[in-house]
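Contents: one structure, followed by commentary.
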Amino acid sequence: MRKPGKQRLAIVGAGPAGLAAAWKLRDADDIEITVFEKSLGLLGRAATRSRHGLRLDPGANYFRTDLPEVAELIHDQLSTNELIQINGDVDVFDRHGGMAAGDSTLNGETKWTYRSGINTLGKMLAAAAGCEICYGVRIAQVRWQRGTAAWRLTDVFDVDRGVFDAVLLVLPAPQAIELVGPEEADVAEALSQATYQSQWSFTFGFDAGEVTWPGDFYALVNQDRQHRIAWLSRENAKRNRVPEHTLVVMAQMQPEWSLVNFEEPAEQLALEVAAMIAELFGWGAADFRWLDVQRWRFSLPTGRADVDMLRAAESRGLYVAGDSVVGKGRVAYALQTGLDVAERIRGR
Ligand SMILES: Cc1cc2nc3c(=O)[nH]c(=O)nc-3n(C[C@H](O)[C@H](O)[C@H](O)COP(=O)(O)OP(=O)(O)OC[C@H]3O[C@@H](n4cnc5c(N)ncnc54)[C@H](O)[C@@H]3O)c2cc1C
């Protein structure tokens, strides 16, 4: 039911951008917000989950606060009790496994996360926003109703999720295209320019008595993009997350390798990936104690949506934010798009 005098806003996606927008609109008394989130957790590709007695971040590992408004949000507006720095550099490796020091400018910037997982950020934003969040609801259709000049949302079970004066789509562009349907051809075309790569992510628990992380760096990134592994990090660098007897290594795979192997069984691939790590680090064996896997169909954008075309739809209350409007997959950028779009929604 629409409350008198209130504009109803639906936010589709409780990732960094969606929650930042909800947070920024927390004091807008004339806007009633409902967030729809397909999963049971918060922060999307910056999710955290409990596995093997630990808190693991299978997507975004850390964020930077190099944008002033994001820095203010993280350091001044939200609680910093749980905020921690990740110590150690991100070094580089090449296709032959040769390692070298990483970019000194980037390594000079602080890498932030939260003690109990990066999605603490999502929990804090949602709590402060105070809006309704409908978990486990996957929206399938967002349709403009000319008669009522409003948007009707329907979920994948064909359940009517209500009529809204405005809708904010904050999910990877290929998924957003599916929602708007053929009637919004311009929006779909604008979004189609934001292409995404796919990525497998493996987290291994090794016995720290058997293998050793080969340096004091926090992570390694494959600079020439010719290795099958794109990123390796030592999750023990996140203070108080991992007990001393365990070495937790996260491997994010190269997009090409991920795409070719996207439908392959995870356990089989994990054996291959563990062997690659062992070879890179000069370990005799690659016996891991436990494993956690995540397959990201849409991990990072490789292109940027046409923002000018998207703006045209805003006059009818259809907004888009998130990393597809930036063209770069970063938590901070996604947060910024959420803060920015909230201002435009408020000014409507
Ligand atoms: C493997 C990996 C590593 C990364 N590493 C880093 C890093 O180290 N540092 C960094 O800053 N960034 C990193 N990123 C990028 C960062 O996670 C993203 O840029 C950021 O999460 C984008 O936020 P968003 O709000 O745009 O979208 P998302 O985080 O994708 O949020 C979208 C939300 O929409 C929900 N959703 C999707 N479809 C529907 C639907 N139909 N109905 C309802 N809900 C729906 C999703 O479940 C999700 O919660 C990484 C990403 C990946 C995948």
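Overview of results
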read-out	value
Verdict on residue 233 being surrounded by fewer than 21 Cβ atoms within 10 Å (Cβ to Cβ) and not in a loop (DSSP other than H, G, I, E, B)	no
Which listed residue, of 244, 314, is surrounded by fewer than 20 Cβ atoms within 10 Å (Cβ to Cβ), more than 16 Å from the ligand (Cβ to nearest atom), of a type in the set (D, E, K, R) and not assigned by TED's automatic domain parsing to the domain that holds residue 190	244
Segment 51-83 - residue that is of a type in the set (A, V, I, L, M) and within 16 Å of the chain's Cα centre (by Cα) and, of those, farthest from the ligand (Cβ to nearest atom)	56
Condition met for residue 172 (within 19 Å of residue 319 (Cα to Cα) and within 14 Å of the ligand (Cβ to nearest atom))	yes
Options 106, 78: the member that is surrounded by 15 or more Cβ atoms within 10 Å (Cβ to Cβ) and either touching a helix residue (DSSP H, G or I) at 6+ places or on another chain (Cβ under 7 Å) or aliphatic (A, V, I, L, M) (or both)	78
Residue under evaluation residue 111, criteria (1) in the same structural domain as residue 135 (by TED's automatic domain parsing); (2) within 15 Å of the ligand (Cβ to nearest atom), criterion not met	(1)
Output for segment 36-50, where each listed residue is near the ligand (Cβ under 7 Å from one of its atoms) and basic (Lys, Arg)	38, 45
Which listed residue is exposed (fewer than 14 other Cβ atoms within 10 Å of the Cβ), more than 30 Å from residue 27 (Cα to Cα), in the same structural domain as residue 86 (by TED's automatic domain parsing) and not acidic (Asp, Glu), from 205, 215	215
Residues of segment 327-345 satisfying the condition of being surrounded by fewer than 20 Cβ atoms within 10 Å (Cβ to Cβ), away from the ligand (no atom under 15 Å from the Cβ) and of a type outside the set (Lys, Arg)	343
Scope segment 318-339; condition under 26 Å from residue 163 (Cα atoms) and in a loop (DSSP other than H, G, I, E, B); matching residues	321, 322
Failed criterion for residue 15 (all others in (1) within 12 Å of the ligand (Cβ to nearest atom); (2) under 23 Å from residue 239 (Cα atoms) hold)	(2)
Verdict on residue 122 being modelled with pLDDT under 95 and not hydroxyl-bearing (Ser, Thr, Tyr)	no
Residue satisfying all of: in segment 251-297; acidic (Asp, Glu) and within 16 Å of the ligand (Cβ to nearest atom); farthest from residue 99 (Cα to Cα) among these	292
Residue in segment 63-74 that is over 19 Å from residue 127 (Cβ atoms), of a type in the set (D, E, K, R) and at pLDDT 95 or above present	yes
Enumerated strands (runs of 3 or more DSSP E) restricted to segment 94-184, each holding at least 1 residues that are in contact (Cβ under 8 Å) with a residue 12 or more places away in the chain and over 22 Å from residue 338 (Cα atoms)	139-145, 150-155, 160-164
Those residues of segment 125-176 which are among the β-branched types (Val, Ile, Thr) and either buried (at least 21 other Cβ atoms within 10 Å of the Cβ) or outside the structural domain of residue 333 (by TED's automatic domain parsing) (or both), in sequence order	139, 142, 167, 170
Failed criterion for residue 188 (all others in (1) outside any loop (DSSP other than H, G, I, E, B); (2) more than 10 Å from the ligand (Cβ to nearest atom); (3) among the small types (Gly, Ala, Ser); (4) in contact (Cβ under 8 Å) with a residue 12 or more places away in the chain hold)	(4)
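Residue by residue, here is whether (1) crowded, with 21+ Cβ neighbours inside 10 Å; (2) charged (D, E, K, R); (3) in contact with a strand residue (DSSP E or B) (Cβ under 7 Å, 6 or more places away or on another chain) holds:
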| site | (1), (2), (3) |
| --- | --- |
| 249 | yes, no, yes |
| 252 | yes, no, yes |
| 257 | no, no, no |
| 262 | no, no, yes |
| 293 | no, no, yes |
| 309 | no, no, no |
| 321 | yes, no, yes |
| 325 | yes, no, no |
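The values are calculated or read from the model by the stated rules, or taken from the named source; none is laboratory data. What you see is a predicted model, and the numbers here were worked out from it, not measured in a lab. Counting neighbours? That spans all protein chains shown, and the Cβs are built from the backbone with ideal geometry, glycine included.
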